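The values are calculated or read from the model by the stated rules, or taken from the named source; none is laboratory data. The shown structure was predicted, so the numbers you read here are calculated from the model rather than taken from an experiment. Please note: Cβ atoms are built from the backbone with ideal geometry, for glycine as well, and neighbour counts cover all protein chains shown.
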Amino acid sequence: MLAAPRPLRAAPPAAELRCVGPQLPRRPFTALHRLLIDPGHGGGEPGTIGVAEIAEKHLVLLIAKRLRDRLHEVDPALEVRLTRSADVDLSLPARAHQANLWNPELFLSLHLNAAPSIEAQGIETLTLAPLGTAPGELVPGREAEGACSVAAEVGVVGDDTAVVLDDLRRAAATNLALVAAELMQQSAVAATGAYDREVKQGRYRVLRGLYMPGIVVEMGFLSHPDEGRLIPLPAWQACTVEALIDGLLRIDATLAKGDYPVASPDASRPTPTAEPAAAPATPPPSPAPTRSIPTQDLP
Ligand SMILES: [Zn+2]
C-alpha cells in the first residue's frame with residue numbers, strides 16, 4: 001500500500017525588514033573619546049549558527065567593522081578599535097585585558113542570539129551584575145569569583161590592598177555600565193523597532209574584570225525564522241549600526257553632562273600604540289552562571 005503523499009510545506013513568507021531609523025542627529029562625540037568594540041567569538045568558536053547558516057562570529061565581525069567605519073564618518077576624532085579584526089581565537093579574559101590596557105570609556109561587545117524556541121526575537125543588552133558584597137568579599141558558592149581570582153584573570157598582581165582597590169574600581173564601572181546598558185537598549189529598540197527584551201544582568205565572563213563600563217548587545221536572534229534571515233542582509237545591519245550609534249550618542253551626552261563619571265585613566269598602566277595583538281588560542285571558558293537568562297550563547 002502506497003503511503004499517502006506528504007503535503008508540501010508552504011514556503012515561509014518573506015521576512016520584512018522593520019527599521020524605524022535613527023532618532024538622533026549625527027554629531028561629533030564630546031565625552032566619548034575611545035571605544036573598544038568586541039566582536040564576539042571567533043576562530044574555533046563560531047558562536048551560534050542560525051537559520052541562515054552563517055556563523056555568528058562572521059556576522060558580528062562584519063557588523064563591528066560596519067560600526068567602526070560608520071563612526072569614523074560621524075566623528076573622525078573618535079578612536080575606535082576592535083578586539084579582533086579577523087577570524088581568530090580570543091579568550092573572554094583576553095578581551096577584558098585588552099580593554100584594561102587601552103582604557104576606553106566604553107567596552108561594547110556585539111553578539112547575536114539563539115534560543116530553543118524559534119519564537120524568541122529582539123534585542124537585549126547585558127551588563128555585569130555586582131557581586132553584591134563588599135569589595136574583596138567572597139560570595140558563598142562563588143568563591144572562584146572572588147577578588148583575587150578576578151584580578152588574576154586580568155593579569156593584576158600585587159598585595160591585598162591593590163586587589164581591593166582594583167575591585168572598587170571595577171564596582172564603580174559596573175554601576176556605570178548599567179546606566180549605559182539602559183541607554184543603549186532604549187536607543188536600539190527605538191531605532192530598529194525590534195522587540196524589547198530589556199537589560200539583563202549576569203556574571204558574564206567577558207565583562208568581569210573590566211575597569212570601565214562594559215555592555216554586551218545581543219542584536220537579534222539567528223534562530224528566529226524571520227529575524228535570522230534578515231540579520232545577514234546589509235540593510236538590517238545598516239539599521240542596527242545606526243541604532244548602536246544612537247545609543248552611543250546618548251551615552252556620550254550623559255557622559256558630557258557629568259552625571260556619568262568615567263573612571264579616571266590610570267597613568268601607571270601602559271597604553272599600547274597599536275591595536276593589541278590577538279591572544280594565543282585558548283579553549284573558550286565555560287559560560288558563567290547567570291540569573292535566569294532564558295537564551296543561549298552567554299558571553
Ligand atoms: Zn555570542
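None of Arg84, Arg68 is touching a residue at least 40 places away in the same chain (Cβ under 8 Å) and among the basic types (Lys, Arg) except Arg84. Could you check segment 63-87 and list, in sequence order, the residues that are surrounded by fewer than 16 Cβ atoms within 10 Å (Cβ to Cβ) and within 16 Å of the ligand (Cβ to nearest atom)? Once the filter is applied, which keeps residues that are surrounded by fewer than 16 Cβ atoms within 10 Å (Cβ to Cβ) and within 16 Å of the ligand (Cβ to nearest atom), segment 63-87 yields only Asp87.
Scanning segment 159-195 for residues that are touching an Asp or Glu at 6+ places or on another chain (Cβ under 8 Å) and not hydrophobic (A, V, I, L, M, F, W, C) returns Gln185, Ser187. Among the residues making up segment 153-169, those that are at pLDDT below 70 and under 22 Å from the mean Cα position of the chain (by Cα) are Glu153, Val154, Gly155.
Could you tell me which residue of segment 18-62 is farthest from His111 (Cα to Cα), considering only residues that are among the β-branched types (Val, Ile, Thr) and more than 12 Å from the ligand (Cβ to nearest atom)? Can you show your working first?
So in segment 18-62, the residues among the β-branched types (Val, Ile, Thr) come out as 20, 30, 37, 48-49, 51, 54, 60.
Within this subset, residues satisfying the condition of being more than 12 Å from the ligand (Cβ to nearest atom) are 20, 30, 37, 51, 54.
Details: Val20: 21, Thr30: 27, Ile37: 11, Val51: 16, Ile54: 13 Å.
Per the criteria, the residue is Thr30.
For segment 210-230, filtering for residues that are closer than 14 Å to Val199 by Cα and within 11 Å of the ligand (Cβ to nearest atom) leaves 4. Applying the selection to segment 33-69, what residues are part of a loop (DSSP other than H, G, I, E, B) and more than 24 Å from Pro225 (Cβ to Cβ)? His33, Gly43, Gly44 - these are the residues of segment 33-69 that are part of a loop (DSSP other than H, G, I, E, B) and more than 24 Å from Pro225 (Cβ to Cβ).
Residues of segment 195-209 that are more than 15 Å from the ligand (Cβ to nearest atom) and crowded, with 24+ Cβ neighbours inside 10 Å: Gly209 alone. Of the residues making up segment 83-133, those that are in a strand (DSSP E or B) and under 15 Å from Glu45 (Cβ atoms) are Ser109, Leu110, His111, Leu112.
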